[in-house]
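The structure under discussion appears below in the form of structure tokens.
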There are 2 protein chains.
Amino acid sequence: MDKKVTIYDLAKELNVSPATISRALNDHPSISLNTKKRIVSYAQRSGYRINKFAANLSKQKSNTIGVIVPKLNSYFMSSVLSGIEKVANGHNYNLIISQSLESENKEKLNTQTLYDSGVDALMVSLAFGTENYDHFALFRDQKIPLLFFDRVCHLPNCPTITIDNRKAGADATEHLIQNGCKNILHVGGHLKRNVYTDRFTGFKDALNKYGLEYKPSNFIETNLDAAKIEEIIDHLINSKEKFDGIFFANDAMAVACMQSLLKKGYRIPEDIKIIGFNNNPISEIIQPNLSTINYPGYELGVLAGQSIISHLNGNINIESAESILLKHELIARASSSSTN
Amino acid sequence: MDKKVTIYDLAKELNVSPATISRALNDHPSISLNTKKRIVSYAQRSGYRINKFAANLSKQKSNTIGVIVPKLNSYFMSSVLSGIEKVANGHNYNLIISQSLESENKEKLNTQTLYDSGVDALMVSLAFGTENYDHFALFRDQKIPLLFFDRVCHLPNCPTITIDNRKAGADATEHLIQNGCKNILHVGGHLKRNVYTDRFTGFKDALNKYGLEYKPSNFIETNLDAAKIEEIIDHLINSKEKFDGIFFANDAMAVACMQSLLKKGYRIPEDIKIIGFNNNPISEIIQPNLSTINYPGYELGVLAGQSIISHLNGNINIESAESILLKHELIARASSSSTN
DNA sequence: ACATATTACGCAACCGATTGCGTAATTATA
DNA sequence: TATAATTACGCAATCGGTTGCGTAATATGT
């Protein structure tokens, strides 16, 4: 058990060729049932373990999927990853996970590393600032499946998986309007990313639908860092505008804002109504409970995983890149309830 | 750019041997500066990319670290992973992450897969039910560094990284006692895992220190699934005991319990004082804010990453397995504050 | 100028599987 | 029974780097 056993060792011991060993262990049809049993059994007993380095080299395939996410440690993203891992693991794929930490450059480096590592596919949720997508060309050139989820971009033949952020943004905004808001602030994320521009567009859609005027002061672009909530509060308080509703692009910001406002004596929803995004568990803990849009991360991960696996299995034509839209759902809670 | 370029292609083109190409690209000292430049430059231009399958095979090293966690999608664990990834990435290591989903069997399978994948090291946080550690023998036999974090077991030469859970459990309990609690319930996790037995032991330490009697009814073993909070509530309400304090082994359970109790009309901390564990962000959102023990996940991840990297670099003797204890910290908030 | 060191590189074995092709042995067909 | 078809396996090339050892060319020392 000390030195590693190779198929050559097995071959010598059993008086067959290494080729036969290899075929037997891979259940190749041209090996008789008897020798298969003999070989598998002996391999077992001898403590043989395949050397994937060698197998990968000759097969040019690693059974590994690369994943790049902005950061691992967020409720949403870790749910997604959990879903992806569940599916991948069930299909004998390993996951190499790396974080871009919202840096375009790190995303680029990670992309190259994962390419070099020979991943069979790559799944990406883009960093805030990524503007150039050339680093993905390697994958396209080599026809390695490439899939984007949540923060996506549309490259030829690359499936994308998201919710309908525009519709969701409109739903959230419409909900505030229907509960009486006339002047709504939208606190969004970087407009380079589809998820935030779409929500923003949906926001304007809804205003428009209800004949409410959109002014630049109705929007703030942020990096969604809850630690900087005071900037938002300042904008809110110092603005000439009197906002009666806020639509946040994520729950963490919404909650941070609520806490600050409540401390300052604001009443929610009486003075101002608030809705978030993502349905993070904290939305059900904050008092009053936070209305939000349910964005099912785990399910998204599962779908993304299944999609990439079927591509890898050739079940789906690589050329036919589908765009999957998950269902979202408005969850109305106390933070936005009508008060008249 | 279509076919993959190999060192043999470069060698032919530049009229040198593949060996020289390899050495040049790896900055080997025995290659002259000039040829190095010539080779590196041409490799660049030709779109050469190393084939790690081949490199790994001949070096028997993958620059990859395997990680097995119970589940990815928890605040604590995703923080840990984020820290590990940060360090690993900074040292050119990739991370293969898999979840045991609290199943001993899946943990076993994942261990074998990661072994076969040729990870250079393995980091594990154990599943709830794991009782047998034989699946790690492969790693010990091959002298592949193996490290346990958070939910650890003590195998020879395996570093472990945790906080001092016993002391932390005692601190939490002592805090409740000092705030007037006389009859405290401890809601813990599976006693197979050190983190929960240690917290439980600390709990009893503290009772003992203050001359409070420990009775079996002062403890419930749970799987820490917040969805099953009603069982706890039942125990609490139906017990002959009149508990005036609860020490939860994690914040999620504590928060779920608080929500249920508040809904039932209990006053916290007046009727019952509560302390959690982990310092999950929700502890600062629930009203009243939840007292807890700060268990710094990200820092733990960073330390764990650094530890394994130094082992891999040979900076630390593999035989000298250290046990790292992180500092924890009691965070007193309103949920446990004295009311007399 | 001659002996010794050093530099810079090539040769070839090696890492451990996979797989197309060929063939001896066995079975089926006529 | 002669021939065709199967079955079961071996040969050897291949995947693409890495590295110990050997050596020609150049540099250093006296």
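The values are calculated or read from the model by the stated rules, or taken from the named source; none is laboratory data. None of these values were measured; they are calculated from a predicted model. Neighbour counts run over all protein chains shown; Cβ positions are idealised from the backbone, glycine included. Remember, those area values only see protein heavy atoms, side chains included, never the ligands or the DNA or RNA. Shrake-Rupley method; radii C 1.70, N 1.55, O 1.52, S 1.80 Å.
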| remark: Rounded to one decimal in nm, the spacing of the 7 Å Cα→Cβ label points at B:E221 and B:D9 is 6.1
| Which of B:K192, B:K143 is most accessible, then next, and so on - probe 1.4 Å | B:K143, B:K192
| GluC sites (Glu not before Pro) restricted to region A:153-260 and DSSP loop, no more than 15 other C-beta within 10 Å | A:E213, A:E241
| query | If you project the alpha carbons of chain A onto their three principal axes, what span does each projection cover, largest first, in Å? | reply | 88, 38, 30
| message | How long are the semi-axes of the equivalent ellipsoid of region A:7-50, defined as square roots of 5 times the Cα gyration tensor eigenvalues? Whole Å, largest first. | response | 14, 11, 9
| task | Could you grab the Rg to Rh ratio for region A:224-340? Cα atoms only, Kirkwood for Rh. | result | 1.16
| query | Which of the GluC sites (Glu not before Pro) found in region A:264-310 are loop residues per DSSP with 16 or fewer other Cβ atoms within 10 Å of their Cβ? | reply | A:E270
| task | Mind checking the full-extension length gain between A:N26 and A:L155? Use 0.36 nm per residue of separation minus the Cα-Cα distance, one decimal, nm. | result | 42.7 nm
| query | Taking 1 over the mean of 1/r across every pair of different Cα atoms in region A:79-236, what Kirkwood radius in Å do you get? | reply | 17.7
| query | Along its principal axes, what span do the Cα atoms of region B:60-166 show, with the longest given first and each in whole Å? | reply | 38, 29, 24
| query | What does the accessible area per residue of region A:7-50 come to in Å², with a 1.4 Å probe and no ligands, DNA or RNA counted? | reply | 68
| message | Please report, for A:L33, the nm distances (one decimal) from its label point, 7 Å out from Cα along the beta-carbon direction, to the equivalent points in the remaining copies, shortest first. | response | 7.1
| query | Just which residues of region A:277-310 lose 50 Å² or more accessible area with every protein chain there, against their chain alone, with the probe set to 1.4 Å? | reply | A:I285
| remark: Taking Cα atoms only, Rg over Rh for region A:1-130 with Rh from the Kirkwood formula is 1.15
| message | Considering only C-alpha atoms, what is the centroid distance from region A:269-289 to region B:42-57, in Å? | response | 51
| said: Please give the charge dipole size of region A:7-50, origin at the Cα centre, charges +1 on K and R Cβ atoms and -1 on D and E Cβ atoms. Round to the nearest 20 debye. | reply: 100
| request: Once the label point is placed 7 Å from Cα along Cβ, list for B:N208 the distances to the corresponding points in the other copies, in nm, shortest first. | output: 7.1
| remark: Partner shielding of B:90-99, as the mean number of partner chain Cβ atoms within 10 Å, equals 5
| remark: Out of B:S17, B:S98, B:I282 - ranked by how far each Cα lies towards the positive end of the dipole of chain B, with unit charges on the beta-carbon of charged residues - the top one is B:S17
| Average Cα contact separation per residue, chain A, under 8 Å, 6 or more apart, as relative contact order % | 17
| Are there GluC sites (Glu not before Pro) in region B:97-153 that DSSP marks as loop and that have at most 10 other Cβ atoms within 10 Å, and which are they? | B:E131
| note | Dividing the alpha-carbon radius of gyration of region B:154-311 by 2.2 N^0.38 Å, where N counts its residues, gives 1.07
| the protein assembly as shown - percent of accessible surface contributed by carbon and sulfur, probe 1.4 Å | 49
| Treating the beta-carbon of each Lys and Arg as +1 and of each Asp and Glu as -1, no other charges, what is the dipole magnitude of chain A about its Cα centre, to the nearest 20 debye? | 1180
| task | Summarise the partner chain shielding of B:50-63 as one whole number: the mean count of Cβ atoms from other chains within 10 Å of each residue's Cβ. | result | 5
| query | Within the P(r) computed for the protein assembly as shown, what percentage of the Cα pairs occupies the region above 39 Å? | reply | 42
| message | Using just the Cα positions, wrap region B:126-201 in a convex hull and report its mean projected area in square nanometres, one decimal place. | response | 5.5
| said: Leaving out ligands and nucleic acids, and using a 1.4 Å probe, what accessible area per residue does region B:255-319 come to in Å²? | reply: 37
| field | Residues B:S58 and A:K263, FRET efficiency given R0 of 56 Å [Cβ-Cβ distance, rounded to 0.05] | value | 0.35
| request: Evaluate the distance, in nm, between pseudo-label points positioned 7 Å from the Cα of B:T339 and of A:L325 along their respective Cα→Cβ axes. | output: 5.1
| field | Identity and axial distance of the chain B residue whose Cβ lies nearest the axis relating B to A, Å | value | B:S78, 2
| request: Quote the charge dipole size of the protein assembly as shown about the Cα centre in Debye, to the nearest 20; the model charges only the Cβ of Lys and Arg (+1) and of Asp and Glu (-1). | output: 1660
| remark: Taking only protein heavy atoms and a 1.4 Å probe, the highest-to-lowest accessible-area order of B:H311, B:H154, B:H235 is B:H154, B:H235, B:H311
| Flagged links, alpha-carbon separation over 28 Å, of A:K12/A:K59; A:K192/B:K52; B:K37/B:K59; A:K71/A:K242; A:K182/B:K263; A:K37/B:K192 | A:K192/B:K52; A:K71/A:K242; A:K182/B:K263; A:K37/B:K192
| query | Chains A and B: what accessible area do they bury, summed, in square angstrom to the nearest 100, with a 1.4 Å probe? | reply | 4400
